[in-house]
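The values are calculated or read from the model by the stated rules, or taken from the named source; none is laboratory data. These numbers were taken from a predicted model, which means no experiment stands behind them. Cβ placement follows ideal geometry from the backbone for every residue including glycine, while neighbour counts extend to all protein chains displayed.
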């Protein structure tokens, strides 16, 4: 299942990530330039997190496409610890520093 959200800066819908309904894992591919540096975190839109909660998501997996690094965190832990903010011209998003994630793959 593909999650799409409206990006105000681009003026169009973009892919926010993919949810595997069998494994209950949410996959988000990101580029390091989209990282919120002040928190060392990537954002996940509030509407996506709410939909994932309804669908019984168990795990969030973030892959940095330009480094190959992969980070995982239990969905409930993410929701418990993340902060909900609007930075710049974006929509409401949940942010959680990468220090809370487990790095499961390194760039080769």
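Please state which one of 3, 26 is in contact with a helix residue (DSSP H, G or I) (Cβ under 9 Å, 6 or more places away or on another chain) and closer than 21 Å to residue 104 by Cβ.
Only one candidate passes the filter, namely 26.
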(request) Please indicate, with yes or no, whether at least one residue in the stretch 13-23 is in contact with a strand residue (DSSP E or B) (Cβ under 7 Å, 6 or more places away or on another chain), part of a loop (DSSP other than H, G, I, E, B), at pLDDT 85 or above and surrounded by 11 or more Cβ atoms within 10 Å (Cβ to Cβ). (result) no
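Considering only the stretch 35-61, how many residues are part of a loop (DSSP other than H, G, I, E, B), at pLDDT 90 or above and touching a strand residue (DSSP E or B) at 6+ places or on another chain (Cβ under 9 Å)? So that I can check it myself, show each step before the final result.
Within the stretch 35-61, the first condition is being part of a loop (DSSP other than H, G, I, E, B), and the residues that meet it are 35, 37-40, 55-58.
Next, from what is left, pick out any that are at pLDDT 90 or above: 55-58.
Then keep just the ones that are touching a strand residue (DSSP E or B) at 6+ places or on another chain (Cβ under 9 Å); that gives 55, 57-58.
Of the residues in that region, 3 qualify.
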(request) Could you look through the stretch 24-34, keep only residues that are under 19 Å from residue 84 (Cβ atoms) and surrounded by 14 or more Cβ atoms within 10 Å (Cβ to Cβ), and pick out the one that is nearest to the chain's Cα centre (by Cα)? (result) 28
(request) Can you run down the residue pairs with Cβ atoms below 6 Å, 6 or more apart or on separate chains, where the first is in the stretch 30-53 and in contact (Cβ under 8 Å) with a residue 12 or more places away in the chain and the partner is part of a helix (DSSP H, G or I) and surrounded by fewer than 19 Cβ atoms within 10 Å (Cβ to Cβ)? (result) 40/98
(message) Looking at the stretch 35-63 only, could you name the residues that are over 16 Å from residue 18 (Cβ atoms) and surrounded by 15 or more Cβ atoms within 10 Å (Cβ to Cβ)?
(response) 35, 36, 39, 41, 43, 46
(request) State whether one or more residues within the stretch 67-86 are farther than 16 Å from residue 104 by Cα, crowded, with 16+ Cβ neighbours inside 10 Å and either free of Cβ contacts under 8 Å to residues at least 12 places away in the same chain or in contact with a helix residue (DSSP H, G or I) (Cβ under 6 Å, 6 or more places away or on another chain) (or both). (result) no
